[in-house]
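So the structure is just underneath, and the comments pick up after that.
The values are calculated or read from the model by the stated rules, or taken from the named source; none is laboratory data. On a predicted model such as this, the values are computed, not experimentally measured, just so you know. Here the Cβ positions follow ideal geometry from the backbone for every residue, glycine too, while neighbour counts run over all protein chains shown.
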């Protein structure tokens with residue numbers, strides 16, 4: 001089992017410490033595609049998976065989800081969250097066993113989800129009365145200092161319902177002077193880099209576990225693709241994610257690091273629970 005950089009009481013202490021620095025953006029990787037953003041005393045959680053629900057669900061199947069990294073924090077201990085987002089319906093991005101204790105601990109959470117999954121997202125949150133913003137390609141919505149701009153994600157394709165709404169989204173998140181691209185699960189598609197480039201993002205958060213059809217896993221960017229998407233989209237910094245959670249669906253960040261260095265793309269590889277701080 002991989003031990004987080006910091007977890008539990010140590011992670012909470014670091015979050016409290018960072019609150020005194022209200023001018024800079026603080027980002028913690030929580031594992032898989034989950035990130036905590038903090039700016040000016042406000043907090044947003046992106047695609048949090050903070051349970052063992054999938055390990056339990058698939059334990060007796062031919063696709064066991066064996067956890068690689070110990071959980072960084074129990075969701076109910078994050079009792080200061082203002083905003084939560086989910087990029088799509090898959091449980092490692094929209095997890096009832098994470099969301100329900102989180103929503104009980106934070107009665108005023110604002111919830112940003114793809115419009116097509118809003119009913120299921122509210123069900124998994126355990127709070128049908130929650131304020132959920134139904135997002136689709138091109139939509140812009142903001143609350144509590146965070147502004148979310150939705151763009152399509154291709155997992156493996158850009159899937160739309162009969163009304164043309166995207167099942168999978170990425171978000172450009174603006175908070176204070178900072179812009180962050182959280183891609184959700186995606187492969188490359190024509191025009192993606194140009195869409196992101198319009199926003200002049202300071203930070204891109206991109207998956208690197210690759211496309212794994214032989215493992216019956218929907219695809220993501222691999223390390224080389226993530227590095228090149230960051231470069232093509234003009235991201236000032238890129239952080240990899242979606243690895244070291246489950247044994248059947250992971251990758252080494254080594255090829256990502258080599259490619260970033262080869263093409264001159266600034267990057268940072270975090271351990272679970274580690275903080276990144278950006279200056280505007």
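Kindly check whether there is at least one residue in segment 149-156 that is buried (at least 17 other Cβ atoms within 10 Å of the Cβ), in a loop (DSSP other than H, G, I, E, B) and in contact with a helix residue (DSSP H, G or I) (Cβ under 8 Å, 6 or more places away or on another chain). No: segment 149-156 contains no residue that is buried (at least 17 other Cβ atoms within 10 Å of the Cβ), in a loop (DSSP other than H, G, I, E, B) and in contact with a helix residue (DSSP H, G or I) (Cβ under 8 Å, 6 or more places away or on another chain).
If you go through segment 157-171 one residue at a time, how many are over 13 Å from residue 89 (Cα atoms) and part of a loop (DSSP other than H, G, I, E, B)? Matching residues across segment 157-171 total 7.
Criterion applied to 129, 137, 92, 185 was being in a loop (DSSP other than H, G, I, E, B), at negative phi and surrounded by fewer than 16 Cβ atoms within 10 Å (Cβ to Cβ), and the one residue passing it is 129. In this structure, does residue 99 turn out to be free of Cβ contacts under 8 Å to residues at least 60 places away in the same chain, part of a helix (DSSP H, G or I) and touching a helix residue (DSSP H, G or I) at 6+ places or on another chain (Cβ under 8 Å)? Taking the combined requirement at face value, the residue satisfies it. In segment 238-280, the residue that is surrounded by the most Cβ atoms within 10 Å (Cβ to Cβ) out of those that are part of a helix (DSSP H, G or I) and in contact with a helix residue (DSSP H, G or I) (Cβ under 6 Å, 6 or more places away or on another chain) is 256.
Going by the conditions given, is residue 124 in a helix (DSSP H, G or I), free of Cβ contacts under 8 Å to residues at least 40 places away in the same chain and under 30 Å from residue 22 (Cα atoms)? It is false that residue 124 is in a helix (DSSP H, G or I), free of Cβ contacts under 8 Å to residues at least 40 places away in the same chain and under 30 Å from residue 22 (Cα atoms). Within segment 191-219, being over 16 Å from residue 93 (Cα atoms), in a loop (DSSP other than H, G, I, E, B) and modelled with pLDDT under 95 holds for 210, 211, 216. Checked against (1) buried (at least 19 other Cβ atoms within 10 Å of the Cβ); (2) touching a strand residue (DSSP E or B) at 6+ places or on another chain (Cβ under 8 Å); (3) closer than 24 Å to residue 240 by Cβ; (4) touching a residue at least 40 places away in the same chain (Cβ under 8 Å), residue 116 passes all but condition (3).
Mind checking whether some residue in segment 173-182 is part of a loop (DSSP other than H, G, I, E, B) and either over 17 Å from the mean Cα position of the chain (by Cα) or over 17 Å from residue 46 (Cα atoms) (or both)? Among the residues of segment 173-182, at least one is part of a loop (DSSP other than H, G, I, E, B) and either over 17 Å from the mean Cα position of the chain (by Cα) or over 17 Å from residue 46 (Cα atoms) (or both), which makes the answer yes.
Given the condition in contact with a helix residue (DSSP H, G or I) (Cβ under 7 Å, 6 or more places away or on another chain), buried (at least 18 other Cβ atoms within 10 Å of the Cβ), in contact (Cβ under 8 Å) with a residue 24 or more places away in the chain and assigned to a helix (DSSP H, G or I), answer yes or no: does some residue in segment 104-112 qualify? No, that holds for no residue.
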